[in-house]
Each structure stands twice: as C-alpha cells, then as structure tokens.
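Shown next, in structure tokens, is the structure this report addresses.
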Amino acid sequence: HDFDLDSKKKTSYSPPHQTTLKMIPDTRKLSIDCIFTSQVIRGTAVVGPAPTVILTEASADNTQASLSETLHLLSTPALRRITVGATLMYTSIAASTNLLSFYGPYIVSKINGKSEYDNLPLFGKSHAVGVIGTLISTLAVDALGRRGLLVMASSFKVVLLMLLAVPSMVGSLEGLWLGQSLLATMQWTVAGVYVAEIYPTDLRGRGSAFSMFFGRIASVLVPLMVGHFLDLGVSYVLQCVVSMTLLCVICVATLPKDLARLQMPDRCLSHKL
C-alpha cells in the first residue's frame, strides 16, 4: 500500500508490469538505475516493491534476427536499388584502387622505361598526396555534396587514367599518377559517408557493412584475375581501371540525392529521385 498525503488514507498499489531486459551482465545494474532515475525525473516513479525484472543473456535467436535484417536490405525495390548501387560503387572503387596498388610499379616502369626501384619515390609521394586528398574531401564534402564530390573525383580520375595511356604524355607521368592517387583517396573518404547516409536508420550499419564486405572481396579477387592477362600490356590494365571507375560514376548517379546539411532520415529516400 502507498500513503496518500492529501486524503491521509492508504491507497491500493499496483506494481509496475513485468519487464524483460536483454543485455550483457556488466550493464544490468546501470540500466535498471537509469530506468528508475528517468521515472523519478518524469514523476512516474512509484514507491513500493521493486518491479520484477527478468535478466536474460543474448541467445542464438540473435543470429536468425541478424540474417533476417540482412535480407531486409533486398525486401523492397527502393532498398534493392540502394543496396545494389552502393555495393557496386564500393566494389568498383576498391577493385580499381587495389589494382593500381598491385600493378602501379609495373605500369609506371613500362611507361617511362625506368626500373621499379627507380620509381619508388613516386609511390612515396602518392601516399603524401593521399593525405592532401583526405583533407580536401573533408573541407569540400558539405559544400559540393557527397554525390557531387564522388562524381567529380571519379570523372577526373577517368580522364587522368586515359591520359596515362597516351604516349605523348610520358613527360607528365608523375603529375598524372599523383593526380589519380589524390582522386582515389577522395573517393574512399567520401564513399563511406555517402553510403551510411542513404540507408534508413535501422539498416544504416548493416547496409554499409554489406557493401563494404563485397568491396573488400573485389579488392582481392580483381587484381589476381587481371594479373593473368598482364601480357596484354599496360593499356589493358588501364582499361580495366577506367571501366571500373566509370561503373562507379554510373552507380553514384543512380543512388539517392545528396544529404549534405540535411537531417538523416528514418526512411528510404530513393523514391524522390
């Protein structure tokens, strides 16, 4: 029973409903304290026996729930469009970047006629340029937008890679290579932010991880596959990279509009395209 100060009488007391909490052991007491504190602040806390709390460990059912949530990425046309587009975008960026990382020394040596050892300073500069690319992306990602910056970086990268295959551009080899390295870094910097924003809130982490997973697989398999055809020449490798970069541009163009400076939504926005 509780005591009513106004009527000076005892009133009947009904304990709160039974509550089930599923959490890791270290957070049990803290969570219970937080629930009670929030009730006190709102004035809804009831003086009397503590509510019955059933504490359970995470079970194997979570695995089935995780699989169901992953399949939900393909449950509607809008989500399928986002998932396929984002996955192909990540796959193309990862594959083209790793392809140039694998065979960069070979490509440059074939173009300028120097040994791979003599070209090592160029690849050291490429890493330094990558830092600059990250800084540029950070400063421009809101002004130009995620999708705009991705399309711009990918398009200019295609142009520079095509110029690498032109014999008369050998004198500009270092500038062209450093330029594509800068643009590749900008692609990586913005892609993660963009993909995380185009998924609905409840699928944001899982959707991003799904796209990244296949991107990492492509980054391993594509260079190995292309390596079997190196005898076809440098132009063949560059054509593969250009094709994948163009695929990135097409995928980005089909994804939802940019969300720079906008509140992140809880629903799919692809129907607004």
| said: Take the residues in region 220-245 that are modelled with pLDDT of 90 or more and of a type in the set (Ser, Thr, Tyr); name whichever of them is surrounded by the fewest Cβ atoms within 10 Å (Cβ to Cβ). | reply: Ser243
| So which residues in region 230-245 are in contact with a helix residue (DSSP H, G or I) (Cβ under 6 Å, 6 or more places away or on another chain) and over 16 Å from Ala218 (Cα atoms), if there are any at all? | Val234, Leu238
| For residues in region 152-162 being in contact (Cβ under 8 Å) with a residue 24 or more places away in the chain and surrounded by fewer than 17 Cβ atoms within 10 Å (Cβ to Cβ), which is farthest from Pro256 (Cα to Cα)? | Met162
| Does Pro167 qualify as being open to solvent by less than 60 Å² (accessible area, probe 1.4 Å) and either among the aromatic types (Phe, Trp, Tyr) or closer than 27 Å to Gly113 by Cβ (or both)? | no
| Given the conditions (1) among the aliphatic types (A, V, I, L, M); (2) open to solvent by less than 30 Å² (accessible area, probe 1.4 Å); (3) modelled with pLDDT under 90, which single one is not true for Ala143? | (2)
| field | Those helices (runs of 4 or more DSSP H) lying entirely in region 117-230 with at least 1 residues over 21 Å from Ser92 (Cβ atoms) and hydrophobic (A, V, I, L, M, F, W, C) | value | 120-140, 173-198
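Results for (1) touching a residue at least 60 places away in the same chain (Cβ under 8 Å); (2) under 14 Å from Met244 (Cβ atoms), shown as yes or no for each residue.
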{"site": "Thr97", "(1), (2)": "yes, yes"}
{"site": "Tyr103", "(1), (2)": "yes, yes"}
{"site": "Asn112", "(1), (2)": "yes, no"}
{"site": "Ala128", "(1), (2)": "no, no"}
| Quick one: in region 171-189, which of the residues that are crowded, with 20+ Cβ neighbours inside 10 Å and of a type in the set (Ser, Thr, Tyr) is farthest from Gly145 (Cα to Cα)? | Ser181
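The values are calculated or read from the model by the stated rules, or taken from the named source; none is laboratory data. Please read these numbers as outputs of a predicted model, since none were measured by experiment. Because the Cβ atoms are built from the backbone with ideal geometry, glycine has one as well, and the counts that use them run over all protein chains shown. These accessible areas exclude ligands, DNA and RNA; they are computed on the full protein's heavy atoms, side chains included. Shrake-Rupley method; radii C 1.70, N 1.55, O 1.52, S 1.80 Å.
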